Amino acid sequence: MGTLGITELEESLDFLRNQNFNPDIGIVLGSGLGKFIESCNVINSISYKMIPHFPETSIEGHDGLLHLCEYEGKKLAILQGRVHAYEGKGLDQVVFPIRALGLWGVKQFIITNASGGINLDYTPGEIVLIQDHLNLLGDNPLKGPNITELGPRFPDMTEAYCSKMKDSFIKGAKEHSIDIKCGVYAGLLGPTYETPAEIKMLRTLGADMVGMSTVAEVIAANHMGIKVTGLSCITNMAAGILSDKLSHEEVKDTALKSIESFSKILLSGIKQL
């Protein structure tokens, strides 16, 4: 498959514009967080397979559906599932849905994920706001010729995660008496979980949590001038902190158990935006 550029994005955009829907806010739902959809007024659900050039998901827990929803007068375009570089996808495929929704009119993105806790003050099941990230993917979605229709050659990343959006979610959590922490997310390629030595390195670098997604999407959104906030569900403590071995089943199970508090924070934060 060739690189997905502006031509493919325009073909996807033609399809999206025919949905008679003008989204304000985009949301990406990470592993095990798809049940959030049950909290929304869903107007239409579209399989990624129906949308030109949208990459198809292959990982369990990532359904591959675009939900068009309304909540508190806001129109939401919710991506239930994502693709990852470790699946063999190029970063142009990983960020394609972000770019397509950005061209469609989304001005704010809420990007969520399941992550491993590095910060010893975290506990599995907590929801943490991402305040910054470390790009340790070994790659960047803006590599290669710049798509000038999307943004500048050298986009600023000083505030990759919008502080005003973050404050909205802190207020939203307080509405439900939920103490929400903030932290730095390290994005690695995967698909192997990290070794205990790698976790020690990441802690030294300043990471509070680690995962295999999000970073490329946030870079692509910032390139387009889209404001971003990030929410991580801490589904397990990272390697070497506890004696337990890590598994994708544990990630999904913990995310599912956290869905009530996750949904409360997400909905209250959206209301504040």
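The values are calculated or read from the model by the stated rules, or taken from the named source; none is laboratory data. Everything numeric here is computed off the predicted structure, so don't read it as measured data. No Cβ is skipped: glycine too gets one built from the backbone with ideal geometry, and neighbour counts run over all protein chains shown.
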Exercise for the section: Would you be able to say whether some residue in segment 234-243 is of a type in the set (S, T, Y), part of a strand (DSSP E or B) and at pLDDT 95 or above? Expected result: no
Exercise for the section: Evaluate the following for M165: is it in contact with a Ser or Thr (Cβ under 7 Å, 6 or more places away or on another chain), touching a residue at least 12 places away in the same chain (Cβ under 8 Å) and not in a strand (DSSP E or B)? Expected result: yes
Practice task
Please indicate, with yes or no, whether at least one residue in segment 207-225 is among the polar types (S, T, N, Q), at pLDDT 95 or above and at negative phi.
Solution key: yes
Fill in the blank from the handout: When segment 1-29 is checked residue by residue, the ones that are in a helix (DSSP H, G or I) and either surrounded by 21 or more Cβ atoms within 10 Å (Cβ to Cβ) or not acidic (D, E) (or both) are I6, T7, L9, S12, L13, F15, L16, R17
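Residue by residue, here is whether (1) part of a strand (DSSP E or B); (2) of a type in the set (V, I, T); (3) at pLDDT 90 or above holds:
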| site | (1), (2), (3) |
| --- | --- |
| S31 | no, no, no |
| P52 | no, no, yes |
| L76 | yes, no, yes |
| R99 | no, no, yes |
| V106 | no, yes, yes |
Completion exercise
When (1) modelled with pLDDT under 90; (2) β-branched (V, I, T); (3) outside any helix (DSSP H, G or I); (4) surrounded by fewer than 24 Cβ atoms within 10 Å (Cβ to Cβ) are applied to T254, the one that fails is (3)
Completion exercise
The condition from (1) buried (at least 19 other Cβ atoms within 10 Å of the Cβ); (2) under 22 Å from V210 (Cα atoms); (3) modelled with pLDDT of 95 or more; (4) over 13 Å from the mean Cα position of the chain (by Cα) that L129 misses is numbered (4)
Fill in the blank from the handout: (1) in a loop (DSSP other than H, G, I, E, B); (2) at pLDDT 95 or above; (3) of a type outside the set (V, I, T); (4) within 15 Å of the chain's Cα centre (by Cα) all hold for H62 apart from (2)
Exercise for the section: Could you tell me whether E194 is within 17 Å of the chain's Cα centre (by Cα) and either assigned to a loop (DSSP other than H, G, I, E, B) or without any contact (Cβ under 8 Å) to a residue 40 or more places away in the chain (or both)? Expected result: no
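For L150, are the conditions met, namely being hydrophobic (A, V, I, L, M, F, W, C), part of a loop (DSSP other than H, G, I, E, B) and closer than 22 Å to V210 by Cβ?
Details: hydrophobic (A, V, I, L, M, F, W, C): yes; part of a loop (DSSP other than H, G, I, E, B): yes; closer than 22 Å to V210 by Cβ: no.
No.
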